[in-house]
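Okay, so here's the structure we're looking at.
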Amino acid sequence: MRKFIHADKGVTAKLKAIFKCSDRTIRNALTYDENKGNSDLCKKIRFTALQYGCHTYTVNKEGECFHDEADRIMWCLYPNGAKVSFDKVTGVGEIFFKGDVVARYDNVQLTDIPEIQAKARAY
């Protein structure tokens with residue numbers, strides 16, 4: 001999962017002036033760069049950016065989940081056309097693809113849901 005802190009030009013300029021560093025250092029810090037974004041300076045830059053009202057965003061794979069309280073079913077829909085249903089009463093999870101059930105899981109636990117969702121996105 002990729003994450004970043006969004007900062008406008010004004011905040012970026014303030015951070016650059018406060019920490020007396022380059023635009024690249026600010027960018028490495030705010031994008032959590034794997035190689036150069038984990039230094040103490042970058043951690044301070046991120047902390048200060050959040051103090052100035054910036055927000056952290058995460059980039060995730062697309063998908064929507066709906067909770068139908070009448071039927072007690074959670075539906076997850078994905079761009080590839082796959083659907084996942086989780087029955088909150090029976091604990092059954094099913095992956096549908098092109099109208100057919102392609103996988104069924106009994107006694108689904110909360111910790112199992114991300115793995116099932118990943119399989120649905122892979123169809």
- request: Determine if segment 50-69 includes at least one residue that is of a type in the set (A, V, I, L, M, F, W, C), surrounded by 15 or more Cβ atoms within 10 Å (Cβ to Cβ) and farther than 30 Å from Gly10 by Cα.
  value: no
message: For segment 59-77, check the following and say yes or no: at least one residue is at pLDDT below 95 and under 30 Å from Ala17 (Cβ atoms).
response: yes
Residue among Ile18, Ile73, Ile45 that alone is assigned by TED's automatic domain parsing to the domain that holds Gly99, touching a Ser or Thr at 6+ places or on another chain (Cβ under 9 Å), of a type outside the set (Asp, Glu) and surrounded by 10 or more Cβ atoms within 10 Å (Cβ to Cβ): Ile73
field: Residue list for segment 78-114, restricted to those being surrounded by fewer than 16 Cβ atoms within 10 Å (Cβ to Cβ), outside any loop (DSSP other than H, G, I, E, B) and of a type in the set (A, V, I, L, M)
entry: Val101, Val102, Ala103, Leu110
Candidate set: segment 1-50, residues that are assigned to a strand (DSSP E or B) and modelled with pLDDT of 95 or more; chosen: the one nearest to Ala118 (Cα to Cα): Phe4
task: Quickly run through segment 100-111 and pick out the residues that are out of contact with any helix residue (DSSP H, G or I) (no Cβ under 8 Å at 6 or more places or on another chain) and closer than 21 Å to Glu62 by Cβ.
output: Val102
message: On the basis of being surrounded by 15 or more Cβ atoms within 10 Å (Cβ to Cβ) and without any contact (Cβ under 8 Å) to a residue 12 or more places away in the chain, does Arg27 make the cut?
response: yes
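The values are calculated or read from the model by the stated rules, or taken from the named source; none is laboratory data. Note that the structure is a prediction, hence the values are computed from the model and not measured. Because the Cβ atoms are built from the backbone with ideal geometry, glycine has one as well, and the counts that use them run over all protein chains shown.
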